[in-house]
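Each remark here refers to the structure printed beneath this line.
Derivation of every value follows stated rules applied to the coordinates shown; laboratory data play no part. None of these values were measured; they are calculated from a predicted model. When we count neighbours, we look across all protein chains shown, and the Cβ atoms used for this are built from the backbone with ideal geometry, even at glycine.
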Amino acid sequence: MLQQTTVSAVRGRYEAFLRRFPTLATLARASEEQVLAQWSGLGYYARARNLRAAARQIVAARGGRIPRDPEALRELPGFGEYMAAAVASLAFGARIPAADANVTRVVSRLFAIEGLAGTGAHAAEVRRRAASLLPSKRPGDVTAALMDLGQLICTARAPDCPECPVARLCAARRQGLEERLPLRRRKPKTRRVHFAAAIAIRRGRALLVRESGTLLKGLWSFPSAEGLSAVAARARLSRAVAKLGLRLANGAPEGAARHTIVNRRLEIRVYRAEPRVTRAPRGRWLSSAAFHAAAVPTLARKIARAGGFG
């Protein structure tokens, strides 16, 4: 959950997830949709799909016992080099460095490691230096401490050096490089995208369709379309909902919202839609209560609020 997501966003979801899936067996038995519903709003949904797949593999092939060896952990879905090292270190006490973004930042500054973060050479040097800090007993405690130090004090911007317990050892601070290191690639410019969504309501229930794209695959959302302009997005939406047996109502949008996905800022306009035919349009009709409990992304929740549903 903490991969690419802040502690504050995760804190309220972690306990609820464990209550719903208290063991590997319950997680392995759950459907993908049940797991996505519990993950709803956290984003990066491949993490949830991989977590379920890993649980199923551990139960089926390893009798429900999580492997302790980093090499064996790397065979699990979603377990790259960092995740395997982190679990081996934090859960099982392996003396192996695990460098997330926070550890990478702390170690890069502590040893004034030049080079571009994210490259193989930089990552290898960070791991080498981090390994030198690990004691033979309880090495996971040092890894956890480095993570916390990067999260709370050695932050990306305006690090609180006076409060840092290792400030006197920090080579970057001595050289005046504490805010410059580690070097990072420039983020791509945010791109504006016009986005139109349709809310069709029948007997208090709204129509949702299953997403098929890579980022939101398997989740439920409102029919939508993109365009180079608001007019173009609405025209594409009109054609899309026609295939579902709907038509857009005339008039202005019901509401508007904004949502950012990676480097795309969606300018959302929400329209009402109504059935064109007597047969029920394809999709899933959800009440307000069912909608809030379903596997729906944050984008769909913003659309619902903007359109006055729920």
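Against the criterion of being surrounded by fewer than 14 Cβ atoms within 10 Å (Cβ to Cβ) and touching a strand residue (DSSP E or B) at 6+ places or on another chain (Cβ under 9 Å), Ser238 does not qualify. Here Ala61, Ala55 are screened, and the one residue that is surrounded by fewer than 14 Cβ atoms within 10 Å (Cβ to Cβ), of a type in the set (A, V, I, L, M) and assigned to a helix (DSSP H, G or I) is Ala61.
What helices (runs of 4 or more DSSP H), lying completely within segment 216-310, carry at least 2 residues that are touching a Pro at 6+ places or on another chain (Cβ under 8 Å) and over 29 Å from Asn50 (Cβ atoms)? Helices (runs of 4 or more DSSP H) meeting the threshold: 230-242. Just so you know, in segment 206-217 the residues that are buried (at least 16 other Cβ atoms within 10 Å of the Cβ) and within 17 Å of the chain's Cα centre (by Cα) include one that is farthest from Glu274 (Cα to Cα), and it is Leu216.
Condition check ((1) within 25 Å of the chain's Cα centre (by Cα); (2) farther than 30 Å from Val107 by Cβ; (3) not β-branched (Val, Ile, Thr)) across all residues:
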{"residue": "Asp160", "(1), (2), (3)": "no, no, yes"}
{"residue": "Leu177", "(1), (2), (3)": "no, no, yes"}
{"residue": "Pro182", "(1), (2), (3)": "yes, no, yes"}
{"residue": "Arg191", "(1), (2), (3)": "yes, yes, yes"}
{"residue": "Leu246", "(1), (2), (3)": "no, yes, yes"}
{"residue": "Glu267", "(1), (2), (3)": "yes, yes, yes"}
